[in-house]
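Participant: Dumping the structure here so I can ask a few things about it.
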Amino acid sequence: MTAQDPVTNITDPRWLRAISHPIRIRLLAMLEEEASSPVVLANKLEQPLGTIAYHVRTLYDLGLLKLVSTRQRRGATEHYYQTTGHPHATSETWEALDSVSKQRLLTATLARANDYATRSAAAGGFDAKDSHVSVSPLKLDKKGWSQLAKECKKWLAKAEQIEAEAAARIAEQPDSSMPVGLNLMLFEALPFSADLPKLEQVAEAEDPSRGGSGDSAAGADAAQANGSSAAMRAAVAA
């Protein structure tokens, strides 16, 4: 597979490798918004140019970035990159992931969602009248869970429709564009009053045949996810 082949599915090993480092998670988010160069990115992130250039090259080689333009700067050629798109996540692709991959994806997604909301809050992003933030612990049965999951999918589809309609208006009035953040999560919750499960128990719950030995990589990723169950189901739109 060449560097230009885009990643279209979260089960692609290249995607899991890409999100295994926090700098690459941040770079993907920034380059999804607009094209940029390693020099510009290094200045914004206050990181050494060599570090950023390495991660940009890694993402490019993985097929997650495309070269969109070059510019001459101080006698050197500056390369500008942008993401090739965002891989799709469905219930089927989520179920196809093993526990280690799920934890890696969860850790990366939750980190991005938290960073997105925290940075925006510091800039007054929640000051607008219609802004909303809430945490809603619920008690449901299996039928209620299924119903809520379906409604979440419908709501996300509606949000995409609203964005498409807004895009048509923005095309006529570019100055009307405004960045909006949307983080949505639905998961099987661990009550705040409950004890965190041991990592070995999480591994056994995912795969009883593994016994108590566990997997070192899965344990590390589970720890990063603050002990969240590997059976956790999350849908995050950021």
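The values are calculated or read from the model by the stated rules, or taken from the named source; none is laboratory data. No experiment lies behind these values; they were computed from the predicted model shown. Ideal geometry is used to build each Cβ from the backbone, glycine not excepted, and the neighbour counts take in all protein chains shown.
Participant: Listed residues A76, A96, A89; which is farther than 20 Å from S20 by Cβ and either crowded, with 18+ Cβ neighbours inside 10 Å or not β-branched (V, I, T) (or both)? First the steps, then the outcome.
Facilitator: Details: A96 fails: farther than 20 Å from S20 by Cβ; A89 fails: farther than 20 Å from S20 by Cβ.
Of A76, A96, A89, the one residue that is farther than 20 Å from S20 by Cβ and either crowded, with 18+ Cβ neighbours inside 10 Å or not β-branched (V, I, T) (or both) is A76.
Participant: For region 121-238, which fully contained helices (runs of 4 or more DSSP H) count at least 3 residues that are modelled with pLDDT of 90 or more and either surrounded by 13 or more Cβ atoms within 10 Å (Cβ to Cβ) or touching a helix residue (DSSP H, G or I) at 6+ places or on another chain (Cβ under 9 Å) (or both)?
Facilitator: Values: elements: 142-172, 199-206, 216-224.
Fully inside region 121-238 and qualifying: 142-172.
Participant: List pairs: first in region 62-82 and within 26 Å of I25 (Cβ to Cβ), second basic (K, R) and outside any strand (DSSP E or B), Cβ under 8 Å, 6+ apart or cross-chain?
Facilitator: Listed by first residue and then by second, the contacts come to L62/R14; L62/R17; G63/R14; L64/R14.
Participant: Another question about this same structure. If you check every pair at least six apart or on different chains, which have Cβ atoms under 7 Å apart with a residue in region 182-200 that is closer than 30 Å to E160 by Cα first and a residue that is at pLDDT 90 or above and part of a loop (DSSP other than H, G, I, E, B) second?
Facilitator: From residues that are closer than 30 Å to E160 by Cα, the pairs are A189/P137.
Participant: How do the pairs read when you match residues in region 106-130 that are under 30 Å from T93 (Cβ atoms) with residues anywhere that are among the aromatic types (F, W, Y), using Cβ under 8 Å and keeping only pairs 6 or more apart or on different chains?
Facilitator: Listed by first residue and then by second, the contacts come to S120/F126.
Participant: Looking for whichever is surrounded by 13 or more Cβ atoms within 10 Å (Cβ to Cβ), at pLDDT below 90 and farther than 28 Å from K153 by Cα here; the options are L67, L16, L62, L45. Which one fits?
Facilitator: Values: L67 fails: at pLDDT below 90; L16 fails: farther than 28 Å from K153 by Cα; L45 fails: at pLDDT below 90.
Only one candidate passes the filter, namely L62.
Participant: Now for a separate question. Of the residues I25, I52, which single one is in contact with a Pro (Cβ under 8 Å, 6 or more places away or on another chain), in a helix (DSSP H, G or I) and more than 24 Å from K153 (Cα to Cα)?
Facilitator: Numbers: I25 fails: in contact with a Pro (Cβ under 8 Å, 6 or more places away or on another chain).
Result of the check over I25, I52: I52.
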